[in-house]
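Have a look at the structure below before the remarks.
The values are calculated or read from the model by the stated rules, or taken from the named source; none is laboratory data. Not measured: the values here are computed from a predicted model. Glycine also receives a Cβ, built like all others from the backbone with ideal geometry; neighbour counts cover every protein chain displayed.
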Amino acid sequence: MYIYERLYSHFGPQHWWPAETPFEVMVGAILTQNTNWANVERAIRNLKAHNLLSPGKLHVLSPGKLAGFIRPTGYYNIKTKRLKEFLRFLFRNYAGSLSLMTKEDTRKLRKLLLCVNGIGPETADSILLYALNRPVAVADAYTKRIFFRHRLIKESASYQEIQNLFIQSLENKVKLFNEYHALLVRLGKDFCLKRRPRCESCPLKQGKKFTA
């Protein structure tokens with residue numbers, strides 16, 4: 001908990017994920033792959049401006065039109081296919097109803113999401129945690145970089161190995177997993193940069209051997 005407490009003290013609450021509805025979170029989780037959040041926000045604004053941000057409307061929207069709206073995210077043709085695959089999953093399994101989806105057991109739902117083409121562990125867990133309020137830890141590239149640099153994991157650590165650190169070290173609470181991941185993202189963006197990290201001003205520069 002040392003890292004969490006230091007980051008929370010330094011940054012304060014992050015109020016993440018920035019979205020108005022659970023479905024917006026789901027769409028954002030798919031669109032944010034291989035791009036920054038500012039580009040996702042532009043795509044989300046495009047969909048909202050045309051009153052399209054709902055399962056039913058996106059499900060029937062042509063791939064060509066959808067690709068145009070989400071163009072700011074890059075790889076928009078690939079992401080169009082991934083969104084359409086997710087929507088097919090949602091309608092095939094839950095008749096397009098998020099209410100029905102929320103009644104599914106977490107483990108079963110995670111397995112089902114991972115069977116959807118284009119949805120990997122990070123995207124599936126982001127949907128579970130941020131859209132459906134399930135106590136699931138998200139281990140993204142920021143998390144791996146930070147934990148490796150502080151010698152909590154090996155550089156070759158798998159997604160599951162990193163996720164297990166959270167499971168073994170923290171209480172199984174939605175709010176805690178939510179806030180911790182958001183704080184690590186903030187640290188990765190502001191200090192633990194991929195190139196030229198700002199180690200001297202980092203809130204974790206105490207030189208202490210950390211635990212997750």
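Meeting the requirement of 1 or more residues that are among the aromatic types (Phe, Trp, Tyr), the helices (runs of 4 or more DSSP H) wholly within the stretch 51-135 are 63-69, 76-94. Annotation: of all residues in the stretch 1-59 being in contact with a helix residue (DSSP H, G or I) (Cβ under 7 Å, 6 or more places away or on another chain) and charged (D, E, K, R), the one that is farthest from TYR76 (Cα to Cα) is GLU24. On the given criteria, is ARG107 surrounded by fewer than 21 Cβ atoms within 10 Å (Cβ to Cβ) and modelled with pLDDT under 95? Taking the combined requirement at face value, the residue does not satisfy it. Residues in the stretch 51-82 that are in contact with a Pro (Cβ under 9 Å, 6 or more places away or on another chain) and touching a residue at least 24 places away in the same chain (Cβ under 8 Å): LYS81 alone.
Results for (1) without any contact (Cβ under 8 Å) to a residue 12 or more places away in the chain; (2) exposed (fewer than 13 other Cβ atoms within 10 Å of the Cβ), shown as yes or no for each residue.
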residue	(1), (2)
GLU155	yes, yes
GLN160	no, yes
SER169	no, no
LEU176	no, no
LYS194	no, yes
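If you go through the stretch 10-50 one residue at a time, how many are part of a helix (DSSP H, G or I) and either aromatic (Phe, Trp, Tyr) or touching a residue at least 60 places away in the same chain (Cβ under 8 Å) (or both)?
9
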